[in-house]
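The next block holds one structure in the form of structure tokens; read it before the comments.
The values are calculated or read from the model by the stated rules, or taken from the named source; none is laboratory data. These numbers come from a predicted model, not from an experiment. Note that we place each Cβ from the backbone using ideal geometry, even for glycine, and neighbour counts take in every protein chain shown. The protein model used for the area step is the full one, side chains on, heavy atoms only, and it has no ligands, DNA or RNA in it. Shrake-Rupley method; radii C 1.70, N 1.55, O 1.52, S 1.80 Å.
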Amino acid sequence: VERLPIGDEALLIVAPVGDIAELEREATAEELLSLEGITSPHRRAERLSWRRALRSVEGDAEIEYEEQGAPIIKNSQYRHISVSHCRDRVAVLLSARECGVDIECRDRRFSAIAERYLSAEEHLVAERERIDRQTMLAIAWSAKEAVYKLLRREGVDLRRDMRIEAISTEQQSIVVEACGERVDLRYILDCDHQIVYAIKKEDHNIE
């Protein structure tokens, strides 16, 4: 389990998706109860993997789910939590303020769905920064997914309602205009994965 502090009020946890049999043996009764209705072994493994990663940091933290399905931690300094998973990793972002995170495998074929979330104008942003097409498609998708989780609004369309305004490879940052709000995000890349996250600022802007 990898723990990455973000300032003084947030923590990013990254962990592998574990073996379902081992995860179920180690799970608490409450964690097993959270699997109700999930029949896919991989989906069950994803759920228990992020819960195990959270337990490694927060102990037996109590999780509640809002009406739209977003989890909240009850007995922690980090009230807000955002969760993401890809083929072999889970990412858990804990924050005192509202937040959103997305993790993806970099070998995913984002080109197959690019028209669903990126406009021609947004591709020009990548050209200005000399970002290769695959990297742009990848981090733009994750940025919009993270913003979607942060905003928690029904009916938000990734292409119609969000626009990539800037990307800085030097700062590893992204600016997204979403539903009339400016959202500042950070991203992390390695050879196999990417993580993009945003945390709401105290003045109600979003970083």
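For a quick check of your reading of the model, give me the residue pairs whose first member lies in segment 148-163 and is under 19 Å from Met136 (Cβ atoms), whose second is open to solvent by 60 Å² or more (accessible area, probe 1.4 Å), with beta-carbon atoms closer than 6 Å and at least 6 apart or on different chains.
Correct list of pairs: empty, since none qualify.
State the number of residues belonging to segment 75-88 that are open to solvent by 40 Å² or more (accessible area, probe 1.4 Å) and in contact (Cβ under 8 Å) with a residue 60 or more places away in the chain.
3
Considering only segment 77-111, state which residues are under 20 Å from Ala15 (Cα atoms) and assigned to a loop (DSSP other than H, G, I, E, B). Working first, answer last.
The first filter runs over segment 77-111 and keeps only residues under 20 Å from Ala15 (Cα atoms), leaving 78, 80-95, 99-108.
Answer for segment 77-111, where residues must be under 20 Å from Ala15 (Cα atoms) and assigned to a loop (DSSP other than H, G, I, E, B): Tyr78, Cys86, Arg87, Asp88, Arg106, Asp107, Arg108.
Restricting to segment 42-74, and then to whatever is closer than 17 Å to Arg25 by Cα and open to solvent by 40 Å² or more (accessible area, probe 1.4 Å), can you tell me which residue is modelled with the lowest pLDDT?
Asp60
Given the conditions (1) open to solvent by less than 80 Å² (accessible area, probe 1.4 Å); (2) under 17 Å from the mean Cα position of the chain (by Cα); (3) of a type in the set (Asp, Glu), which single one is not true for Glu122?
Every listed condition holds for Glu122 apart from (2).
In segment 134-166, what count of residues is obtained for those that are assigned to a strand (DSSP E or B), open to solvent by 10 Å² or more (accessible area, probe 1.4 Å) and among the hydrophobic types (A, V, I, L, M, F, W, C)?
1
For segment 3-21, check the following and say yes or no: at least one residue is open to solvent by less than 70 Å² (accessible area, probe 1.4 Å), in a helix (DSSP H, G or I) and either within 17 Å of Leu94 (Cβ to Cβ) or in contact with a Ser or Thr (Cβ under 7 Å, 6 or more places away or on another chain) (or both).
no
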